[in-house]
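Everything on this sheet refers to the single structure shown next.
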Amino acid sequence: MLTIGQLAAYAGVTVRAVRHYHQIGLLPEPERDASGYRRYGATAVVSLIKIHALAGAGVPLSQIGQMLEADASAFTEATQRIDSHLREEIERLEASRKQIAQLASGDSLALPPSVVAFLDRLREIGVSERGVEHERDGWILFAARWPDHIHEVMPGKLAQLHDPQLVRLYRILSETLESDTGDDPRLEEAADILAGLAEQAYTSGEMTHHDLAFDLVDALVAESNPRLLDLMRERGWSGWTRPEPLAEPPG
């Protein structure tokens with residue numbers, strides 16, 4: 001006959017685990033002997049070893065009792081069901097590991113590789129890290145809205161970075177974000193460039209319909225740089241991602 005400590009050591013578990021199994025009704029608790037100690041026989045040892053093996057294999061404690069009492073067929077069915085659940089859990093954890101790995105760079109979180117490449121290109125042309133962060137937040141909104149189509153627009157966005165005027169715009173906006181003045185005189189130049197681009201898009205018929213994603217990106221700009229939107233209005237244009245003429249475009 002074994003003490004609880006000897007039982008636990010034989011089965012490779014802790015005394016605390018044995019007491020927990022008693023508490024939840026998984027392992028019968030023997031009566032105390034004349035000395036006030038609980039004594040365990042061979043049956044308790046076998047039961048505890050089985051419980052430990054099933055728990056170690058990932059079987060929930062709530063199902064172990066039923067499995068110990070099941071016949072061969074029911075036991076096999078239960079193990080297959082648990083195996084399927086574990087496989088799904090492994091797949092979920094693997095997906096989580098990939099997401100955690102992406103956090104190392106920050107850009108890859110919620111963004112496809114094509115957008116990450118675009119952000120890297122912005123760094124190459126001199127956009128500050130803070131400017132890249134603002135651009136990244138905008139693309140996160142677009143990627144969430146059109147996850148299956150965003151890769152189609154990225155080649156065009158990369159090609160636009162060959163335009164010196166657009167490169168200049170990105171650099172100015174990046175510099176004004178770093179200055180934190182709120183009324184940086186360079187914003188006048190940025191607004192002039194934006195107004196020119198808006199007029200080109202308007203006259204060529206490139207303006208598109210409204211969408212929540214565009215409104216949210218405009219909201220990002222308004223939160224970080226409200227002065228720029230005011231300057232655009234002064235030049236006769238509303239919005240940022242899809243500017244529209246407040247009246248007839250200035251000629």
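What the table shows:
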read-out	value
Count of region 79-114 residues which are farther than 30 Å from Tyr21 by Cβ, modelled with pLDDT of 80 or more and surrounded by fewer than 12 Cβ atoms within 10 Å (Cβ to Cβ)	4
Restricting region 165-192 to residues that are part of a helix (DSSP H, G or I) and over 35 Å from the mean Cα position of the chain (by Cα), the residue that is nearest to Ser238 (Cα to Cα)	Asp192
Residue within region 183-205 that is at pLDDT below 65, surrounded by 12 or more Cβ atoms within 10 Å (Cβ to Cβ) and at negative phi present	no
The one condition in (1) in contact with a helix residue (DSSP H, G or I) (Cβ under 9 Å, 6 or more places away or on another chain); (2) at pLDDT 85 or above that Gly58 fails to fulfil	(2)
Hey, Val153 within 18 Å of Asn225 (Cβ to Cβ) and open to solvent by less than 80 Å² (accessible area, probe 1.4 Å) or not	no
Residues that are open to solvent by less than 50 Å² (accessible area, probe 1.4 Å) and more than 19 Å from Ala190 (Cα to Cα), drawn from region 126-140	Arg136, Trp139
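The values are calculated or read from the model by the stated rules, or taken from the named source; none is laboratory data. The structure displayed is predicted, hence computed values, not measured ones. No Cβ is skipped: glycine too gets one built from the backbone with ideal geometry, and neighbour counts run over all protein chains shown. For the accessible areas, the whole protein counts, side chains as well, though only heavy atoms, and no ligand, DNA or RNA atoms are used. Shrake-Rupley method; radii C 1.70, N 1.55, O 1.52, S 1.80 Å.
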